[in-house]
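Enquirer: First the structure, then my questions, so here it is.
The values are calculated or read from the model by the stated rules, or taken from the named source; none is laboratory data. Note that the structure is predicted; figures quoted are calculated from it, not measured. Ideal geometry is used to build each Cβ from the backbone, glycine not excepted, and the neighbour counts take in all protein chains shown.
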Amino acid sequence: MENRRQFFRRLALQKQLLPAPTPLNRAAIPPPVAVVAPRPPTTTGINLYTGTYGKKEILHLLRRTLYGTSMASYNTFKNLSLDDAVELLLTEAPTPPDPVNDYNNAGYDINDTNVPLGETWVNAPHGQNIEYWRELSYKSYLLDLAINQNSSIHEKMILFWHNHLATETFAIFDARLSYRHFNILRQRALGNFKTMVREVTTDPLMLYYLNGTYNNQYQPDENYARELQELFCIGKGPDSAYTEDDVQAAARVLTGWSVNWDTGGLTSTFAVWAHDTGDKQFSDFYNNTLIQGQSGTDGANELDQLLDMVFATNECAKHVCRKIYRFFVYHTIDQSVEDLVIAPLADIFRNNNYEIKPVLRALLKSEHFFDMANRGAIIKSPMDYMMGAFREFDFQLPPTATDGYELRKHLYWTAEDMLQGIGDPPNVAGWPAYYQAPSYNKQWATTATLPKRAMNSDRMLYWGFDVFGTVYRIDPVALTTQIPNAADPNLLINNVLGLMLAVPVSDTVKQSLKNDLLSGESSDYYWTDAWNNYLANPTDEMAYGTVHSRLRAMYRQIMQLEEYQLM
């Protein structure tokens, strides 16, 4: 079996066989303004956006809330008002079926004796020797949901919460627990944040991951108590002033919560004997709250008192709103953003008892969200880059379970190699690109990862994904048939760039793309005649091959532009 190093080495060797892209004079092309230009203090806040709401604004909204901007998605939203568009985005996606065994005999002599091919493994006994394949099945399932998302922000919100309440799948090595944790995020992604935190706190995966299952009155473990405040709820903002004593007191509150071994560790329980029944005193940051110790099963009630205390702070709502802002709008939060955006959003969050939809509704309809300074200002994450590309080209996954598993497994390792393996953030803080100042999302675009993005786009377009002898590629011709005025090379380029890029490019770039369509000729009819000939003879291999080779070169060049990395 080919290991990952051999796999990427083979890709590098194959890349050398590709035709070189049309040379560009990059010195003549201005850099993407949104990446390098200094940002003055904002003057826009969360007042309702009342400016022009046309194609550019619709695509900006979709780039931030969905994976990629497919023509199908644009056509769904193009005739909706901003109000209706946001309400459609905030509609919860249907509950998907459970993941199934799609790995048995997938080219590796795999045999899950407890789960037949095509049946779900989510309730099966733990199998140490098969767990690796179930983990990959779980992750390929997440990728499948991202590629096949509907018109809801739901999948992007699951990624947001997966990063915010981060756990590592491979660290626990039980796909059933990972899936149950994922279901909490899915069910609460657009619901109530306080309820989500309550459920995550006693979720077996989190109890394992942050040592909660070992937290008892004889040896309190502060791991989860610390992250509950530092990462999940309070953060390290300017007004965050909880103390080390608060961490220790919270750890004592949480003593007794553990996994239930009678269910094989799949559920949680409250162990009365392990709970610290003493009083827990908190600092003036928490208004000197005293949580009186309770004995017996009543000790479990202390958790709710702890969360009530944490969520009563002003900083809790602000912290989560900052995280939402950095994920959907821009990474830098200066005092003007804090005053005009974060503070009023936090008020909405608190006033709605930590319901998530009112915050998203206000943000996505705000003048600040549509501020020109915020368009094309985020570097795509690997998930946005890869899933977005597949959705842009309406890529269809293989029809059989094992073939789909094999392809999505390759996609997972490719994204992981670009620093975002879904299901496995590097630690409990999530991916650094979402929180680590001052570089933030620029960490996605490094001298190591950008060449891998180029290699991946080449693979999508040229040699494809070989799945047990069948090669799957994105089809540039199929996408182009959806583009208006595709017979005119100038209008085709403008329409494609408008769909796929968040920022404009120079005339130099457009001419280089046009050279691909014209095969180096000077007259537009060299493309127009070729395209019309294909439309008249869609089954003619020569007609198809002519337009396919030219479009493939054009899309390759687009996908390797700096501007394509922005959203």
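Enquirer: Among the candidates Leu492, Leu407, single out the residue that is aliphatic (A, V, I, L, M), more than 18 Å from the chain's Cα centre (by Cα), part of a helix (DSSP H, G or I) and at pLDDT 95 or above.
Expert: Going through Leu492, Leu407 in turn, the sole match is Leu492.
Enquirer: Restrict the check to the stretch 366-373 and report whether at least one residue is under 15 Å from the mean Cα position of the chain (by Cα) and closer than 30 Å to Gln560 by Cβ.
Expert: Residues of the stretch 366-373 that are under 15 Å from the mean Cα position of the chain (by Cα), as a first pass: none.
The answer is no, given that none of the residues of the stretch 366-373 is under 15 Å from the mean Cα position of the chain (by Cα) and closer than 30 Å to Gln560 by Cβ.
Enquirer: Something else now. Among the aliphatic types (A, V, I, L, M), under 30 Å from Thr91 (Cα atoms) and not in a helix (DSSP H, G or I): does that describe Val122?
Expert: In short, yes.
Enquirer: Just to be sure before I move on: is Asn374 free of Cβ contacts under 8 Å to residues at least 12 places away in the same chain, out of contact with any helix residue (DSSP H, G or I) (no Cβ under 7 Å at 6 or more places or on another chain) and not basic (Lys, Arg) in the structure I sent?
Expert: No, not satisfied.
Enquirer: Same structure, new question: Can we say Thr297 is without any contact (Cβ under 8 Å) to a residue 60 or more places away in the chain, of a type in the set (Val, Ile, Thr) and either crowded, with 20+ Cβ neighbours inside 10 Å or part of a loop (DSSP other than H, G, I, E, B) (or both)?
Expert: Here the answer is no, as Thr297 does not meet what is asked.
Enquirer: Here's a check for you: in the stretch 396-428, which residue that is within 28 Å of Tyr325 (Cβ to Cβ) and β-branched (Val, Ile, Thr) is surrounded by the most Cβ atoms within 10 Å (Cβ to Cβ)?
Expert: The residue in question is Ile422.
Enquirer: As an exercise: evaluate Pro425 against (1) modelled with pLDDT under 95; (2) within 23 Å of the chain's Cα centre (by Cα); (3) of a type outside the set (Ser, Thr, Tyr) and give the number of the one condition it does not meet.
Expert: (1)
Enquirer: Of the conditions (1) under 18 Å from Leu307 (Cβ atoms); (2) more than 31 Å from the chain's Cα centre (by Cα), Asp245 clears all except one; give me its number.
Expert: (1)
Enquirer: All but one of (1) under 19 Å from the mean Cα position of the chain (by Cα); (2) crowded, with 20+ Cβ neighbours inside 10 Å; (3) without any contact (Cβ under 8 Å) to a residue 40 or more places away in the chain hold for Trp431; which doesn't?
Expert: So the condition that Trp431 fails would be (3).
Results for (1) modelled with pLDDT of 95 or more; (2) surrounded by fewer than 21 Cβ atoms within 10 Å (Cβ to Cβ); (3) on the phi < 0 side of the Ramachandran plot; (4) among the charged types (D, E, K, R), shown as yes or no for each residue.
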| position | (1), (2), (3), (4) |
| --- | --- |
| Pro99 | yes, no, yes, no |
| Asp102 | no, no, yes, yes |
| Asp109 | no, yes, no, yes |
| Asn129 | no, yes, yes, no |
| Ser140 | no, no, yes, no |
| Ser151 | yes, yes, yes, no |
| Glu155 | yes, no, yes, yes |
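Enquirer: Could you say whether any residue in the stretch 494-516 is in contact with a strand residue (DSSP E or B) (Cβ under 8 Å, 6 or more places away or on another chain), surrounded by fewer than 21 Cβ atoms within 10 Å (Cβ to Cβ) and not assigned by TED's automatic domain parsing to the domain that holds Pro399?
Expert: Taking every residue of the stretch 494-516 in turn, at least one turns out to be in contact with a strand residue (DSSP E or B) (Cβ under 8 Å, 6 or more places away or on another chain), surrounded by fewer than 21 Cβ atoms within 10 Å (Cβ to Cβ) and not assigned by TED's automatic domain parsing to the domain that holds Pro399.
Enquirer: Has the stretch 519-532 got any residue that is touching a His at 6+ places or on another chain (Cβ under 8 Å) and farther than 30 Å from Ala373 by Cα?
Expert: no
Enquirer: Restricting to the stretch 307-337, name every residue that is among the charged types (D, E, K, R), touching a residue at least 40 places away in the same chain (Cβ under 8 Å) and over 22 Å from Lys442 (Cβ atoms).
Expert: Correct list: Glu315, Lys318.
Enquirer: So the check is Cβ under 6 Å with 6+ separation or different chains; which pairs have a first residue in the stretch 478-507 that's over 16 Å from Ser70 (Cα atoms) and a second one that's of a type outside the set (Asp, Glu) and not in a helix (DSSP H, G or I)?
Expert: Close Cβ pairs (under 6 Å, with a partner that is of a type outside the set (Asp, Glu) and not in a helix (DSSP H, G or I)) amount to Leu491/Asn485; Val503/Pro32; Val503/Gly376; Val503/Leu566; Ser506/Ile29.
Enquirer: Just to be sure, is Trp463 surrounded by 15 or more Cβ atoms within 10 Å (Cβ to Cβ), of a type in the set (Phe, Trp, Tyr) and not in a helix (DSSP H, G or I)?
Expert: yes
Enquirer: Please work out which residue is farthest from Trp444 (Cα to Cα), limiting yourself to the stretch 536-567 and to residues that are free of Cβ contacts under 8 Å to residues at least 12 places away in the same chain and in a helix (DSSP H, G or I).
Expert: Ala536
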